[in-house]
1. Looking at this structure, is TRP158 in contact with a helix residue (DSSP H, G or I) (Cβ under 9 Å, 6 or more places away or on another chain), at pLDDT 80 or above and in a strand (DSSP E or B)?
2. Among the candidates ASN386, ASN442, which residue alone is open to solvent by 20 Å² or more (accessible area, probe 1.4 Å), over 29 Å from PHE312 (Cβ atoms) and more than 40 Å from the chain's Cα centre (by Cα)?
3. I'd like to verify a number: residues in the stretch 434-454 that are touching a residue at least 40 places away in the same chain (Cβ under 8 Å), of a type outside the set (Ser, Thr, Tyr) and in a strand (DSSP E or B), how many?
4. Quickly run through the stretch 94-113 and pick out the residues that are of a type in the set (D, E, K, R) and open to solvent by 60 Å² or more (accessible area, probe 1.4 Å).
5. Among THR582, THR569, which is of a type in the set (Ser, Thr, Tyr) and surrounded by 15 or more Cβ atoms within 10 Å (Cβ to Cβ)?
6. Of the residues ARG712, ARG738, which single one is open to solvent by less than 70 Å² (accessible area, probe 1.4 Å) and of a type in the set (Lys, Arg)?
7. Taking helices (runs of 4 or more DSSP H) that do not extend beyond the stretch 1-105, which have at least 3 residues that are over 30 Å from ALA457 (Cα atoms) and without any contact (Cβ under 8 Å) to a residue 24 or more places away in the chain?
8. Please verify whether ILE537 is open to solvent by 30 Å² or more (accessible area, probe 1.4 Å), β-branched (Val, Ile, Thr), touching an Asp or Glu at 6+ places or on another chain (Cβ under 7 Å) and assigned by TED's automatic domain parsing to the domain that holds VAL73, treating the condition exactly as stated.
Amino acid sequence: MARPFNVTEIEQKWQARWLDEGTYEVDNDDPRERYYALCMYPYPSGTAHQGHVRNYTFGDLVTRYQTMRGRAVLSPFGFDSFGLPAENAAIKAKSHPRLFTERRMEELRSSVRRLGAVYDWRREVYSHQPEYIRWAQTIFLKFYEAGLAYRAEAPVNWCPGCQTVLANEQVLGDGTCERSGDVVARRNLEQWFFKITDYAEELLYEVDSLQWPERVKTMQRNWIGRSEGVEFDLAFADGSDRALRVFTTRPDTGFGVTYAVVAPEHPLLEELTTPEQAPAVRDLVERASRTSDIERSSTLEAGAALEKRGAFTGSYVLNPFSGQPVPVYVADYVLSTYGTGAIMAVPAEDERDWAFAEVHGLPIVRTVAAPEGHEGPFAGDGVHVNSGFLDGLEVAPAKERAAQFLVERARGERTINYRLRDWLVSRQRFWGCPIPVVYCPNDGIVAVPYDQLPVLAPDDVVLDPSGQSPLATHEGFRRVPCPTCGADSVREADTMDTFTDSSWYFLRYADPFSEGRPFDPEQVRAWMPVDQYIGGIEHAILHLLYARFYMKALVDVGLAPGLPREPFTRLFTQGMIRMDGTKMSKSKGNLIAPEKYYDTVGADGLRLFHLFVGPPADDVDWTEKSEELIEGCARYLDRVWRLCEGEDVTFREGATAADEEVWREAHRTIARVTEDLDAWSFNTAVAAVMEYTNTLSRWARSAEGADAATFRRATDVLLQLLAPMAPHVTAEIWEQRRPGETPLHATDWPQADPALVARDTVVMVLQVNGKVRARVEVAPDLSVTAAQELALAHPEVAKYLTGVPSRVVAVPPRLVNVIV
């Protein structure tokens with residue numbers, strides 16, 4: 001059947017009108033209640049794909065819905081235009097990254113606009129804008145002045161494919177680069193860092209206050225990794241005054257220490273290594289240098305490979321609890337960046353220590369009684385054994401007593417360690433924000449003066465396919481006079497990690513208009529924190545943690561006085577689009593572009609599919625059935641059009657009981673859809689609107705017909721509820737029905753009348769062990785006790801009872817589940 005309207009014509013008409021009239025532009029002095037709805041800004045490495053469509057459909061629904069609720073909604077857009085994805089794509093296309101990126105930006109803008117997603121385009125931000133670079137560099141210098149940015153030599157993750165340093169978070173669990181797939185090696189380089197560790201405690205504890213998915217909060221807690229324990233000395237067994245400093249969270253297991261382990265980078269390793277053991281130690285250190293921290297800290301596997309992960313140094317230290325000498329090993333699973341870079345090994349209580357001890361033939365002494373029949377290491381609670389003065393104590397009191405012993409006898413110090421490391425921000429790539437410092441032979445590190453910002457990378461460069469940055473060899477860029485003394489100096493050739501750009505862009509969105517500063521805190525204060533942030537779960541650690549750090553640091557260095565220290569109140573992480581079991585992405589070449597649907601089913605049909613296909617937090621498998629469902633959503637919108645046009649509807653004057661019941665159903669649907677949208681249950685909201693459409697169709701096309709006034713009111717509600725979901729077709733129908741009147745999306749969201757929503761009775765489901773056994777009609781205000789009694793007395797439930805049920809879960813008036 002032919003469609004009843006011209007999809008392309010209608011959608012282009014409304015997209016142009018919303019843009020030209022500035023329908024969704026909002027000023028900073030808007031008197032309405034503020035609401036900041038933000039989708040994470042994208043990498044502009046190509047046209048939109050279904051992941052973009054899903055993300056921006058959700059964000060656009062929120063924007064339109066909250067606007068109809070009477071709020072001034074800030075909904076900006078921009079591009080994370082710096083970084084490896086854009087540079088690598090430009091190299092492949094043999095183009096300059098700026099030209100390549102700006103072409104991709106326009107493609108993505110066009111795709112997003114054709115989706116019908118609305119933004120305040122006056123606020124557009126992209127990270128390679130000269131003004132944005134200026135303020136990003138200003139922030140860097142403010143951090144440097146405050147001691148939050150520093151340069152140091154450190155072992156770093158080097159990706160040979162990307163030809164740059166990677167943060168720990170960018171190395172996958174198998175030791176490969178998350179983007180190129182190359183095996184990551186270790187190098188010692190002078191690098192720039194941000195002192196995110198200064199904020200570890202605040203980052204950890206404030207995460208509890210956020211309205212974020214618990215999964216994301218747990219990932220952040222684990223990455224920060226707070227550990228309370230004791231640092232203490234293991235004295236060298238040769239009688240000298242030298243000692244190996246170690247950290248432990250389990251001092252109570254000290255009697256079980258049968259060896260110690262140092263990291264391959266430990267400063268005492270050379271001193272600990274005897275001539276006889278030097279070749280094996282050198283081999284171990286060399287292998288560790290080619291392995292990432294992530295791979296090194298992974299679980300040890302038994303077998304021959306395990307022998308290569310550790311080597312005996314030839315030295316011994318004294319166990320302070322037993323006074324006995326224990327051998328010192330070097331092993332790659334101990335990291336120099338955590339604790340002291342050395343550990344006491346208690347194989348009976350630690351899986352890795354146990355595996356290492358078995359391979360190297362080291363003793364295993366159990367210090368906590370394991371449950372009967374338990375084999376292998378045991379780290380649970382229990383009574384201490386083989387532990388001298390700790391014997392008979394439970395773990396908690398034993399920890400306290402052992403810690404005190406170490407403080408008194410082994411220069412022990414109670415301390416807190418974090419897994420979180422300082423943020424390495426140096427990147428040896430061209431397409432990024434240049435680090436604004438120069439190196440002077442007289443004055444050392446010199447910050448570029450603020451009035452000389454921005455420092456921009458030159459355009460006259462030739463990119464090396466290997467990824468090596470041309471900034472390092474571009475004489476015009478590198479050779480500069482020292483800003484302090486005028487001596488010939490060298491400009492820093494590294495650029496900043498692109499995550500620095502995405503750590504504050506939301507502040508620039510709130511005020512891109514002020515001159516002479518990154519943003520006006522007074523203007524931004526009215527919008528922050530972001531009310532609703534929307535993006536993928538893959539950003540749970542990297543972007544979200546860095547943005548939280550930036551927000552706190554910006555307040556502390558005086559760039560954001562009075563602003564909240566947390567940037568995002570609520571976070572929603574949408575599910576991924578998968579094809580053949582893998583994530584749909586540019587790098588995998590399995591994208592489904594939205595353009596193929598815009599001219600057929602239209603943007604509204606595609607939007608409705610993404611809203612209806614399943615809970616928005618769940619992953620979606622793109623299959624042939626997806627195509628069928630998209631077609632079905634388009635056919636549904638055709639039905640809405642025909643219904644609202646009055647096709648096959650018999651009208652009459654005067655309301656009957658049937659008309660009144662339809663109006664009550666309208667208010668019940670308003671209540672249900674409003675509740676679902678507030679709870680991000682978009683799929684059930686769409687289902688409710690579809691059910692309501694069916695109700696209207698049956699009623700209006702029945703033999704009795706429909707009261708004309710009730711029909712108009714009831715279909716008005718239908719259009720308003722659909723307006724945030726399918727904005728083009730609903731706006732067109734509304735205008736044709738009401739030419740010259742207030743546009744649909746400028747009307748108020750309908751309000752449910754509680755008196756009309758109420759029912760005399762509702763259907764309550766009775767379950768046994770989660771399976772439906774009966775349905776009964778009950779009063780809407782049924783109590784929990786009455787619901788439980790009714791369920792237990794029902795014959796379809798009672799026949800499954802052989803005694804008192806273990807539990808009865810009652811959620812009246814919807815459900816009772818009897819657990820037997």
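1. no
2. ASN442
3. The total comes to 7.
4. Our first condition is that a residue be of a type in the set (D, E, K, R); within the stretch 94-113, this holds for 94, 98, 102-104, 106-107, 109, 113.
Within the stretch 94-113, LYS94, ARG98, GLU102, ARG103, GLU106, GLU107, ARG113 meet the criteria.
5. On the way: THR582 fails: surrounded by 15 or more Cβ atoms within 10 Å (Cβ to Cβ).
Result: THR569 is the single residue among THR582, THR569 that is of a type in the set (Ser, Thr, Tyr) and surrounded by 15 or more Cβ atoms within 10 Å (Cβ to Cβ).
6. When all the criteria are applied, what remains is ARG738.
7. Here the list reads 7-20.
8. Details: open to solvent by 30 Å² or more (accessible area, probe 1.4 Å): yes; β-branched (Val, Ile, Thr): yes; touching an Asp or Glu at 6+ places or on another chain (Cβ under 7 Å): no; assigned by TED's automatic domain parsing to the domain that holds VAL73: yes.
For ILE537, the condition - open to solvent by 30 Å² or more (accessible area, probe 1.4 Å), β-branched (Val, Ile, Thr), touching an Asp or Glu at 6+ places or on another chain (Cβ under 7 Å) and assigned by TED's automatic domain parsing to the domain that holds VAL73 - is not met.
The values are calculated or read from the model by the stated rules, or taken from the named source; none is laboratory data. Bear in mind the structure is a predicted one, so any value in this text is a computation, not a measurement. As a convention, Cβ positions derive from the backbone with ideal geometry for all residues, glycine included, and neighbour counts pool all protein chains shown. Note: accessible area is taken over every heavy atom of the protein model, side chains too, but ligands, DNA and RNA are not part of it. Shrake-Rupley method; radii C 1.70, N 1.55, O 1.52, S 1.80 Å.
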